[in-house]
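As structure tokens, the structure follows; a few thoughts come after it.
Please treat every number below as a calculation from the coordinates, not as lab data. Bear in mind the structure is a predicted one, so any value in this text is a computation, not a measurement. We place every Cβ from the backbone using ideal geometry, glycine too, and count neighbours over all the protein chains shown.
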Amino acid sequence: MKRLILSAGIVFIGFLGYSSATETNNTAVDNRAFLLLESVKQNYLASLRLEALKTGNAVPGRDQINSPANFWMKRVKAGEVNMVTNHYTKDPQTKVIMGGKIYYTSGESYTWTMQQNPSIRFTKDPVTNKTIDKADAVIYIDASGRALYFESGDTYERFVGLAEQETVYGYTPPKDLR
């Protein structure tokens, strides 16, 4: 009887530890997504300031600074992104077929790198933290040209949904994504 009670106690404690670790991991994912969104916002604001300097116009107004998060990124086609550097480029990309899927690189050296290191074909969705194949991903770029890969349009919407005004300016924690 003592063994049964002891075994049940160990299982219960183990379950509590697993549950706590899962909650901590989800919070870490939420925080990483929030920090990534903040860097996307900062890149957008920097691009507005740079444009103002180039054109001699006034610095961005409040309406531009407080623009919705979906203004901060632009959806692009896979063929416009070097999937090794995860950066947008206007130059034509080289198609690389691996495992029956099409990837894109900017020339022979990047193609060789992708072929030698197949793990480059995969990345993590910033919202769900799931490993996704870049060939199947929904791709957005920020103002700096950095590519962000999403599992679906829904996870992109959840990502920009983190940008409530209170969250973006640090007044409240990120929204619960569960």
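Compared with the direct C-alpha span, the chain from Val76 to Ile97 gains 5.6 nm at full extension, assuming 0.36 nm per residue. Applying the Karplus relation 6.51 cos²θ - 1.76 cosθ + 1.60 with θ = phi - 60° to region 79-85 yields 3J(HN,Hα) values of x, 9, 10, 7, 7, 8, 8 Hz, where x marks Gly and Pro. Going from the fewest other Cβ atoms within 10 Å to the most, the residues Glu164, Glu108, Glu151 appear in the order Glu108, Glu164, Glu151.
Projected label points at Asn57 and Asn129, each 7 Å from Cα along the beta carbon direction, are separated by 4.0 nanometres.
Measuring from a point 7 Å past the Cα of Ser47 along Cα-to-C-beta, which residues in region 114-140 have an amide N at less than 15 Å? Those under the cut-off are 139-140. Which entries of Lys54/Lys134; Lys74/Lys95; Lys41/Lys130; Lys54/Lys95 show an alpha-carbon separation above 26 angstrom in the structure shown? Over 26 Å apart, Cα to Cα: Lys54/Lys134; Lys54/Lys95. Annotation: amide H-H contacts under 5 Å for Tyr104 (H modelled 1.01 Å from N, sequence separation of 5 or more, or interchain): Met83, Val96.
Calculate the FRET efficiency for Glu108 and His87 from the Cβ-Cβ distance with a Förster distance of 25 Å, rounded to the nearest 0.05. Using R0 = 25 Å, I get an efficiency of 0.90.
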